[in-house]
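First the structure, in the form of structure tokens, and then the observations on it.
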Amino acid sequence: MKLLTLRVSNFMPYRGEQVMTFPVTGTRNVTLVHGDNMRGKTSLLNALRWVLYGEVVGRHLRRISSIDILNKDAAYDRDFVVKVSLSFTHDGHEYELVRTMQPKDLIDKPRDDDHFDSSASMRRDGVPISGHLIESEIGNILPNSISRFSFFDGELLQEYEQLVADATESSDRIKDAIERALGVPTLINGRLHVAELLHRAQRQFAKEGNKDSQHARLMQQTLDELEDAKSEQTRLTNLFHSVSEESETLDDELRKYERAESVGARLKELRENVAGLEETRDRALQRRRSLAPGAWLAILSSDIAARKEDAESRLLQSQNSYEESVRSKVEHSLRLSSLESGSCSLCQQDLTSAAVAEFSRKESQEDPSGNISTFSNDLATLARQLQRLRGLGAVSVGSEIIQAEREYDRTTIDIARMRQREDDLVKEVPGIDMMDISRKRQRKDLLQREIGKLDSQVSAQQSKCAGIQKKYDTLVKAAAGGQEASSQLIARKVTLLSSLAEIFEKSVDKLRHKLRAKVEEAATDTFRRLTTEKQYSGLRINDQYGLEIRDHMDRTVSVRSAGAEQIVALSLIDGLSHASNSAGLLVMDTPFGRLDLKHRAEVLSYLPGMAEQVVLLVHEGEISKDRDLAHVADRVSAAYEIERISPTQSRIVAK
């Protein structure tokens, strides 16, 4: 399949008709489309999907509603008709496919999907194809189930990354798509058909056999047990798909709220900080209240300080006077004793006449009548007064009140600032219930555990069914010899179909093993060309068709960068193309978003050889016109720019 012309009208951001051509001339097989994010690159990819299959898908292959396909500006002007036409060649024929969506009769202004009708028309070499054959014709050209490997959205890389993770609904769908591309369903359908024929033959044999024999009853019992086991397997499988689908739906919803969760985390931290500040503010307020009764002392602080200074001075004077009085009393007593005895009371030497005269003179001059007890009482009174003055602590109370006031004011301002920040954060996620997001996150974690459990139960039930089937086959073979001719014929039919079912089962496994080896070999060759880490030994494929990087010692590289994931995904796409011999068309949206400059150069040089026709939808951050185009310039046959007209409208301009 090779694209010729694409026309879009009122499809997503493209108001009115926009036209692109995809020339292929010699080795020039690359069409390059530049466009900033949110301008409409992915919309072009979706236009191809829609015109071919009548649906547009997003993450996890979720269908995008019809009302979201219609350009918003066109709808505002009451132009509700969406039209996409695609002309292309395939297998020597030229096709023109047109798909149109318009409101149903009597619908004045469509508001949901039920208000639209969609129709398609197709011509092959100018001859119309009947409407009921269009889907089949497209399926023969490029089946929807494998189109994801021709229309590659780099932003959906996570789904490819799941191929190396545990089983999920999404990874199972990708695995099924890969096997469809490789032709595995042909054998699987044959196996299912044989299984249905076997089931009918088993029921017929059980019905026509000798019901009265113990062996027949055992056969019937085993057959009933087998049917019950298969029913349980179907129930568990359906439950696995249901739980996986719910998990992926929640995952889609939670991705929308990643910003809200980030804001929620900051809000939680902010509120914790506010709570801490409120506690500090309340403590400052309580301290201020406890100090308030003594605040009046600050008014008298100068008077109290003067009185305290005076009291300290008088106390010091009283202490000196008291000490002087005591000294005088002691000296008076010693002199009197010395005069009465005629000898010194301290050294016991006889007093000279000069000493007696001196002692007598001092006695006549000094008045020893001072009352020591009076001085002592005065000292005690002054000491108590000073203690009371010091206890008032006017200066200390004032400074503590000022400190408490400052702390209260500071925390109040900080709280107000954080409250404003909290309001600003809440405005970033208006109307979002953070508790609901938390509940959904918990629910998703629970579902993930349930998926793992159900996956194990399905595997166990499959083994159980296989065991019962083997037991029943043995019973049929044993019973075949003793039955009537008609029953023997049915028994041989059961035996033959059982053998065929076993052959088909082994053939499917053998084909899968062979195809995985082929994909692994081709993908490894591509990976070695694309990666700048030449020491890697290659890739190894798993049962889900996921690819693991092997290092120079053939060990699994368990932690892979985003760029490595993209290189592996591109290697898988190329490996599938080689294994299925279907390297005709490759349309890639945002294929270089995670790559560094060296890997980008390697991929750009290699991409033109991955298919006969390559369409690259890129933004300036992926491919710089000045820096990167040199690697692919000689392979570019056409280039376009997606220009912004308004937030809801873009146009395609040829360069």
### Query
Does LEU500 satisfy the criteria of being more than 19 Å from LEU239 (Cα to Cα), surrounded by 15 or more Cβ atoms within 10 Å (Cβ to Cβ) and at pLDDT 85 or above?
yes
#### Entry: Residues satisfying the stated conditions in region 24-54, i.e. among the hydrophobic types (A, V, I, L, M, F, W, C) and either assigned to a helix (DSSP H, G or I) or at pLDDT 90 or above (or both)
VAL30, LEU32, VAL33, LEU44, LEU45, ALA47, LEU48, TRP50, VAL51, LEU52
### Summary
Within region 530-560, residues being in a strand (DSSP E or B), under 20 Å from PRO591 (Cα atoms) and among the small types (Gly, Ala, Ser) number 0
### Task
Inspect all residues belonging to region 599-613 and state whether any of them is under 21 Å from MET20 (Cβ atoms) and among the small types (Gly, Ala, Ser).
yes
### Residues (under 30 Å from LEU226 (Cβ atoms) and loosely packed, with under 15 Cβ neighbours inside 10 Å) located in region 440-470
GLY452, LYS453, SER456, SER459, ALA460, SER463, ALA466, GLY467, LYS470
### Query
Can you tell me which residues in region 606-641 are touching a Phe, Trp or Tyr at 6+ places or on another chain (Cβ under 9 Å) and assigned to a strand (DSSP E or B)?
GLN613, VAL615, LEU616, VAL618, SER637, ALA638
### Query
If you check ARG327 against the conditions, is it surrounded by 12 or more Cβ atoms within 10 Å (Cβ to Cβ) and either assigned to a loop (DSSP other than H, G, I, E, B) or assigned by TED's automatic domain parsing to the domain that holds ARG388 (or both)?
no
### Selected residue (only one of LEU52, LEU32 is crowded, with 21+ Cβ neighbours inside 10 Å, hydrophobic (A, V, I, L, M, F, W, C), closer than 20 Å to VAL618 by Cβ and in the same structural domain as GLU96 (by TED's automatic domain parsing))
LEU32
#### Entry: Identity of the residue in region 564-618, within 20 Å of ALA630 (Cβ to Cβ) and of a type in the set (Asp, Glu), that ends up modelled with the lowest pLDDT
ASP596
### region 55-79 residues that are hydroxyl-bearing (Ser, Thr, Tyr) and outside any helix (DSSP H, G or I), paired with ones that are surrounded by 13 or more Cβ atoms within 10 Å (Cβ to Cβ) and at pLDDT 75 or above (beta carbon under 7 Å, 6 or more apart)
SER65/ASP113
#### Entry: Looking only at region 55-80, and only at residues there that are surrounded by 19 or more Cβ atoms within 10 Å (Cβ to Cβ) and more than 31 Å from the chain's Cα centre (by Cα), the one that is nearest to LYS104 (Cα to Cα)
PHE80
### Task
Considering only region 578-605, state which residues are in a helix (DSSP H, G or I) and either within 20 Å of GLY621 (Cα to Cα) or in contact with a Ser or Thr (Cβ under 9 Å, 6 or more places away or on another chain) (or both).
HIS578, LEU597, LYS598, HIS599, ARG600, ALA601, GLU602, VAL603, LEU604, SER605
### Query
Taking the condition within 23 Å of ILE138 (Cβ to Cβ), among the hydrophobic types (A, V, I, L, M, F, W, C) and assigned by TED's automatic domain parsing to the domain that holds SER637, does LEU97 pass?
yes
### Query
Within region 548-563, is there a residue that is basic (Lys, Arg), at pLDDT 85 or above and under 30 Å from HIS193 (Cβ atoms)?
no
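In the set ARG281, ARG289, ARG259, which member is surrounded by 13 or more Cβ atoms within 10 Å (Cβ to Cβ) and either modelled with pLDDT under 85 or assigned by TED's automatic domain parsing to the domain that holds GLU405 (or both)?
Of the residues listed, the single one that is surrounded by 13 or more Cβ atoms within 10 Å (Cβ to Cβ) and either modelled with pLDDT under 85 or assigned by TED's automatic domain parsing to the domain that holds GLU405 (or both) is ARG281.
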### Query
Does ARG528 fit the bill of being over 27 Å from the mean Cα position of the chain (by Cα) and more than 29 Å from ILE188 (Cβ to Cβ)?
yes
### Task
Determine which single condition LEU604 fails, assuming it passes every other condition in (1) under 23 Å from ARG635 (Cβ atoms); (2) surrounded by fewer than 23 Cβ atoms within 10 Å (Cβ to Cβ); (3) free of Cβ contacts under 8 Å to residues at least 40 places away in the same chain; (4) in contact with a helix residue (DSSP H, G or I) (Cβ under 9 Å, 6 or more places away or on another chain).
(2)
### Query
When you scan region 459-477, how many residues do you find that are among the hydrophobic types (A, V, I, L, M, F, W, C) and modelled with pLDDT of 90 or more?
1
### Task
Looking only at region 570-580, decide whether some residue is farther than 19 Å from THR27 by Cα, touching a Pro at 6+ places or on another chain (Cβ under 9 Å), aliphatic (A, V, I, L, M) and outside the structural domain of GLY26 (by TED's automatic domain parsing).
yes
### Query
Within the bounds of region 121-144, is there any residue that is closer than 26 Å to SER571 by Cα, outside any helix (DSSP H, G or I), of a type outside the set (D, E, K, R) and modelled with pLDDT under 90?
yes
### Summary
LEU236: passes all of (1) modelled with pLDDT under 80; (2) over 22 Å from ARG439 (Cα atoms); (3) touching a helix residue (DSSP H, G or I) at 6+ places or on another chain (Cβ under 8 Å); (4) of a type outside the set (D, E, K, R) but (1)
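The values are calculated or read from the model by the stated rules, or taken from the named source; none is laboratory data. All values derive from a computational prediction rather than experimental measurement. Reconstructed Cβ throughout: ideal geometry from the backbone, glycine too, with neighbour counts over all protein chains shown.
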